[in-house]
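J.: Below is one structure. I have some questions about it.
Every number here is computed from the coordinates shown, using simple stated rules; none is lab data. Note that the coordinates shown come from a computational prediction; the quantities given were computed from them, not determined experimentally. Cβ sites come from the backbone with ideal geometry, for glycine too, and all protein chains shown count toward neighbours.
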Amino acid sequence: MTNVLIVAKTRIRKRGYGIAGVRLDFHENVRLLPSNGFIHPLDSPLEVGSIWNFMLQKIPLNEKTAPFIESIRIVKGHPVGSKTEIETKDYILTHLDAPYTSPEGLFSGRVNINEHNKAVITPYHGVPLYGTGFWRFEKDLIRKNKRKDLRFIMVDDDCDECRVDFPYLGTQEPVESIPAGSLLHFTLSNWWGGVCWLLLSRWYLY
């Protein structure tokens, strides 16, 4: 049994959530899979900030697909505590790697910005061996509503047409902007059309 802090939830269409946590014994990111299947239900009790004592089951390496090598399955568990948003942020900054970078530097520099200003992972540019993590930017992210989609964009001050759009699929109430220096949690989508899309799933404001 090991204690895991829940740090982000990512909506997967209208079917449920992908859930990211941090093992408190090893201070490492994990992609938590439910006991059955790959998507947590909409009524999952695993809320961001909660700490759970889990029995975890390793997934054989030959059953994993990069970049999701940090995936691990929940066998059973129960809540044992919680951290506030400030406590969670402080823990992450103390114990995990959360470097300042550019959009292209995310996920070990494997990110490509496509012709539609979306950040993606492709086999051509190399595939990282993890699908979740924390980073910080030196520029603000600005909220942008597009039809039914909610995105945050980073604008290049030296190029009006240069921007990067990050779809937001988290559970927080959206803000108008995320200040530079805020702690950002990104996750990669499952493979779709030969690419993994970068998704913004959580922020901890600066």
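J.: At 0.36 nm per residue, and after removing the present C-alpha to C-alpha distance, how many nm does the segment from K144 to D156 gain when stretched out fully?
T.: Taking 0.36 nm per residue and subtracting the Cα distance, the gain is 2.8 nm.
J.: Of all DSSP beta bridges located in the chain, what percent are antiparallel, nearest 5?
T.: Antiparallel: roughly 90 percent of the beta bridges in the chain.
J.: Also, I was wondering about something else. Using a 7 Å offset from the Cα along the Cα-to-Cβ direction at both I59 and R13, what is the distance between the two label points in nm, to one decimal?
T.: Modelled inter-label distance: 1.8 nm.
J.: Which log10 I(q)/I(0) values does the stretch 2-91 give at q = 0.12, 0.19, 0.23, 0.24 Å⁻¹ under the Debye formula, counting every alpha carbon as one identical point scatterer?
T.: Evaluating at q = 0.12, 0.19, 0.23, 0.24 Å⁻¹ gives log10 I(q)/I(0) of -0.34, -0.87, -1.25, -1.34.
J.: Give me the one-decimal Kirkwood hydrodynamic radius in Å for the chain, with the sum taken over alpha-carbon pairs.
T.: Kirkwood hydrodynamic radius for the chain: 17.4 Å.
J.: Hey, can you rank 118-130, 2-14, 54-66 by average C-beta count inside 10 Å, highest first?
T.: With the highest mean Cβ count within 10 Å placed first, the list reads 2-14, 118-130, 54-66.
J.: Further, regarding this structure: How high is the relative contact order of the stretch 1-99, in percent, counting Cα pairs under 8 Å that sit 6 or more residues apart? Before the final figure, lay out the partial values.
T.: On the way: 185 pairs, mean separation 27.6, N = 99.
Here the relative contact order equals 28 percent.
J.: I've got another one for you. Suppose a student asked you for the relative contact order of the stretch 50-179, using Cα pairs under 8 Å spaced at least 6 residues apart; what percent would you report?
T.: It comes to 20 percent, rounded to a whole number.
J.: Could you work out the equivalent-ellipsoid semi-axes for the stretch 93-206, taking the square root of 5 times each eigenvalue of the Cα gyration tensor, largest first, in whole Å?
T.: Semi-axis lengths for the stretch 93-206 are 19, 18, 15 Å.
J.: Next question, about the same structure. Does anyone have the angle between helix 85-95 and the longest principal axis of the chain? Alpha-carbon axes, 0 to 90°, nearest 10?
T.: 90 degrees
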